[in-house]
Amino acid sequence: MERTKLVHKYLRSEKKFPHLWCPGCGDGILMGAMIRAIDRLGLDQDNVVVVSGIGCSGRLPVYVDFNTLHTTHGRALSFATGIKLANPKLTVIVVMGDGDATAIGGNHFIHTARRNIDLCAIVINNNVYGMTGGQYSPTTPMGAKSATSAFGNIERPFDICELARGSGASWVARGTVYHVPMLDNLIMSAITKKGFCMLEVAAYCHTTFGRRNKLGKPTDMMRWMRDNSVRTEAFQKLSDEERMGKMEIGILADFDYPEYCEMYDEVIRKSGGGA
Amino acid sequence: MEKKATERKNGKIKAPSRQQPQRKAKRAAASKSDAGQIVLISGNEACVEGALAAGLGFFAGYPITPATEISEVLSTRLPAVGGKFIQMEDEIASMAAIIGASIAGLKSMTATSGPGFSLMQENIGFGTIAEVPCVVVNVMRGGPSTGLPTNPAQGDVMQARWGRHGDQRIIVLCPNSVEECYTLTIKAFNFSEKYRTPVILLMDEIVGHMREKMTLPAEANIPVVNRVKPSVPPEWHIPYENTPTGVPPMAAFGDGYRYHITGLVHDQHGFPTQRQDEIKEFITRLTTKIEKARRELIMVETEFIDDAKVAVLSYGSTSRSARRAVTMARKGGSKAGIVRLLTLWPFPVRAVQRLSEHVDAIIVPEMNQGQLVGEVERHACGRCSVVPLNRFDGAMIEPEEILHAILEVE
């Protein structure tokens, strides 16, 4: 009850409810976790910016009482780059979906990671384009059925965390919408840590993906997450065979790379523009 | 030429170096006077000077000929005044970044050419619906596609107007000299700030690359306009309120006014709406705020027009050939006149209507297969003949070609 009250404090409840997510969706769980993380860090609402792209995840900012920006499909990180570089004092959180971040926004994703600008990027991965009715995305597993792969998906999926790490992100983690207390903590770390932090949140779309692939109700899909997620410490000890079908969760990469805005301050100093 | 050479020797004309901003700044300070500094610079460099005079705080861009110099010069000049420069991964990201920076409170700009301009359209549309001030410089080159990277053209006139999906208005300014690259860049910022909308500065390769002497004022010679910020407490502020001017005050993220910005059609509070009355009211406001400002936005120059029987209506570098042609025609006794559009959009409807009432013919030279000429025809309404003069072979229109057209029409 206390937790719910806390979340309500940050919702734009007067204007914009009910939300458009399907009953049982994990997007709301992530939204709650994000709010709790911000609250626990004691951040000033006026200095928090939440940016999103297009899709179910794109609707998140409209519900939360921060400076919120709902941008174009795939471009959220580029808008966020402009905001952060213009005013590095702001805490900028970017919420994207898997198609948003790694298909149409794939180029922006790798380059924002490479630049290592201080953003907290959250990618809600439900393995499908949910809002448009369940077409296969760059993270749809091979063989899975979708609105555009009735005979099974023949494309190999991305591992979003590997993609972020390989592109130069400072901090990479994976959580799920089942492991909620862990999710709260991961978001707190992603906000606190300097540099580009990428948190993949494993979610599900029971409406468009679960139904086609006979994965059951939202609770069944959550149960799958519970049974097949392995914390990174334990995961590292598993053999390749044991790793099959398992999902590694926790902090997967943590580096201290130079942060872009701080590097840019140096450029300003060198050019003689330091105040 | 001789005079110029002597002036340069005496140190009156100075080409600003973009390699050494600090030394340049010192030199500029040494020779600074109220009258300003005489310089020999390109149109692209003048655009940079104008942007800095207007208070540019953020630039994002991607290299592309013939606009690259704007990025190059700003990469050193902007941090030197405490501003931010970033080279993005493409033009889509550049456009997104400048909108983000503007939302965070900085005056922002990007510069590109045809192929990059095509990529930017998506987010220019976002800037329009979300009402975010910013300036997009397009130094036009030959198209379509990769086209003619180093050749001049004026092929993006219609793309600038109609490149985005959906109903909207856009402000497009078109300079024809180095000095005007400076002044119109300031104006572009002023209009974008005042009307909360992206403004496109449509240069062409000739204007961007040619060098001319100009006086760089010590301070902007045009009053600089800044966006109006809300004056009421946050709880009273309605971010997309239908104010009498049609332009609501704009708070920056971080100012304490927490609000929602979206590319969806939204209500006055900024939240998505599907209510038909709200949709109609919003789209109407978005277009009428520009329509109502026509008097301020439209800049047209005329010369020899009072007794003219034939008018040459042109814009950008083509207008320089037009002026030469009309001067030659006048010497030969022709009653030729000049109409030059500094504002392409909103289209100067009244100017063309009035012109069509007292000339026999309007010649419209363009470095394309005929784009703005359609608009001229539409508003001349058959009151006079409208003669297109087009060149699309990667070369400029020569004065003789226009002169020939004048004599032929007469």
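Coordinate-derived values only; no laboratory data. Because the structure is predicted, anything quoted here is derived from the model rather than measured. Here the Cβ positions follow ideal geometry from the backbone for every residue, glycine too, while neighbour counts run over all protein chains shown.
How big is the C-alpha Rg of the stretch B:13-216 next to the rule-of-thumb value 2.2 N^0.38 Å, as a ratio? If you can, show how the numbers build up before the last one.
Values: Rg = 15.8 Å, N = 204, 2.2 N^0.38 = 16.6 Å.
Scaled against compact globular proteins, the figure is 0.95.
Roughly how far apart, in whole Å, are the Cα centres of the stretch A:162-184 and the stretch B:109-168?
37 Å
Relative contact order for chain B using alpha-carbon pairs under 8 Å, separation at least 6, rounded to a whole percent?
Details: 869 pairs, mean separation 61.9, N = 410.
Relative contact order of chain B: 15 percent.
Let me know the mean shielding of B:389-398 by other chains, meaning the per-residue number of their Cβ atoms within 10 Å of its Cβ.
Numbers: counts 0, 0, 0, 0, 0, 0, 0, 0, 0, 0.
For this peptide, the per-residue mean of nearby foreign Cβ atoms is 0.
Name the residue from A:Thr207, A:Met225, A:Cys261 whose Cα lies farthest towards the positive end of the charge dipole of the stretch A:207-274, charges +1 on Cβ of Lys and Arg and -1 on Cβ of Asp and Glu.
Selected residue: A:Thr207.
Quick check: net charge around A:His73, other residues with Cβ under 12 Å of its Cβ, Lys/Arg +1 and Asp/Glu -1?
Values: positive: A:Arg75; negative: A:Asp100, B:Glu122.
Value of the local net charge: -1.
For peptide A:56-68, what's the mean number of Cβ atoms from other chains within 10 Å of each residue's Cβ? Show your work: numbers first, answer last.
Values: counts 0, 0, 3, 3, 0, 3, 7, 2, 2, 3, 4, 13, 8.
Counting other chains' Cβ atoms within 10 Å and averaging over A:56-68 gives 4.
Students often check this: by mean Cβ neighbours within 10 Å, which of B:43-50, B:215-222, B:365-372 ranks highest, and how do the rest follow?
Working: B:43-50: 28.5, B:215-222: 15.6, B:365-372: 21.2.
Highest-to-lowest ranking by the protection proxy: B:43-50, B:365-372, B:215-222.
Give the residues of the stretch B:77-104 whose amide nitrogen is closer than 19 Å to a point set 7 Å from the Cα of B:Thr65 in the direction of its Cβ.
Output list for this probe position: B:91.
Using only atoms on other chains, find how many Cβ atoms lie within 10 Å of each Cβ of peptide B:245-257 and report the average. Write out the running numbers ahead of the final one.
Values: counts 0, 0, 0, 0, 0, 0, 1, 5, 14, 11, 2, 5, 2.
Mean partner-chain Cβ count within 10 Å for B:245-257: 3.
Report the far tail of the P(r) of the stretch B:300-409, meaning the percent of Cα-Cα pairs longer than 19 Å.
34 percent
Can you give me the Cα centroid spacing of the stretch B:39-107 and the stretch B:363-410 in angstrom?
Here the two parts' Cα centres lie 34 Å apart.
Quick one: work out Rg over Rh on the C-alpha atoms of the protein assembly as shown, Rh as Kirkwood radius. Mind showing how you got there, number by number?
Details: Rg = 27.9 Å, Rh = 27.1 Å.
Ratio of gyration radius to Kirkwood radius: 1.03.
Measuring from label point to label point, each 7 Å out along Cα→Cβ, what is the B:Glu278 to A:Glu14 span in nm?
Simple spin-label model gives 1.4 nm for this pair.
Charges only on Cβ, +1 for Lys and Arg, -1 for Asp and Glu: so what's the dipole of the stretch B:300-409 about the Cα centre, in debye to the nearest 20? Let's see the in-between values first.
Details: 13 positive and 14 negative charges, 51 e Å.
Charge dipole of the stretch B:300-409: 240 debye, to the nearest 20.
Can you figure out the FRET efficiency of A:Gln135 with B:Cys381, using R₀ = 51 Å and their beta-carbon distance, to the nearest 0.05? Please report the intermediate quantities before stating the final value.
Values: r = 49 Å, r/R0 = 0.97.
My answer for the efficiency is 0.55.
Could you work out the local net charge near B:Gln268, counting Lys and Arg as +1, Asp and Glu as -1, over the other residues with Cβ closer than 10 Å to its Cβ? Intermediate values should be presented prior to the final figure.
Numbers: positive: B:Arg285; negative: B:Glu241, B:Asp267, B:Glu278, B:Glu281.
Surrounding charge for B:Gln268 is -3.
Starting with the highest mean, order A:129-135, A:209-215 by the number of other Cβ atoms within 10 Å, averaged over the residues of each peptide. Don't skip to the end; give the middle numbers.
Values: A:129-135: 19.7, A:209-215: 17.3.
Highest to lowest by the protection proxy: A:129-135, A:209-215.
Compute the signed sum of charges (Lys and Arg +1, Asp and Glu -1) over the other residues within less than 10 Å, Cβ to Cβ, of A:Ser137. Walk me through the intermediate numbers first.
Values: positive: none; negative: A:Asp98, A:Asp100, A:Glu155.
Residues close to A:Ser137 contribute a combined charge of -3.
Hey, quick one: spin label on B:Asn390, modelled 7 Å out along Cα-Cβ, who in the stretch B:154-198 has an amide N within reach, i.e. under 18 Å?
B:154-162
Which FRET efficiency, nearest 0.05, do A:Asp240 and A:Val180 yield, Cβ-Cβ r, R0 41 Å? Numbers along the way, then the final one.
Working: r = 30 Å, r/R0 = 0.73.
About 0.85, to the nearest 0.05.
Based on a Kirkwood Rh over C-alpha pairs, give the Stokes-Einstein translational diffusion coefficient of chain A at 4 °C and viscosity 1.567 mPa s in µm²/s. Numbers along the way, then the final one.
Values: Rh = 19.0 Å.
For the chosen part, D equals 68 µm²/s.
Find the Cα radius of gyration of the stretch B:266-339, compare it with 2.2 N^0.38 Å by division, and give the number to two decimals. Each step should come with its number before you reach the end.
On the way: Rg = 21.7 Å, N = 74, 2.2 N^0.38 = 11.3 Å.
Its radius of gyration relative to the 2.2 N^0.38 Å reference: 1.92.
Could you list, bin by bin from short to long, the percent of Cα-Cα pairs of chain B in 20 Å steps?
27, 55, 18, 0
Which distance in Å, rounded to a whole number, links the C-alpha centroids of the stretch B:171-247 and the stretch A:202-275?
43 Å
Considering the convex hull of the alpha carbon atoms of the stretch B:172-240, report its projected area averaged over all viewing directions, in nm², one decimal.
Working: hull surface 24.2 nm².
Spelled out: convex hull of the Cα atoms, projected over all directions, averaged, 6.0 nm².
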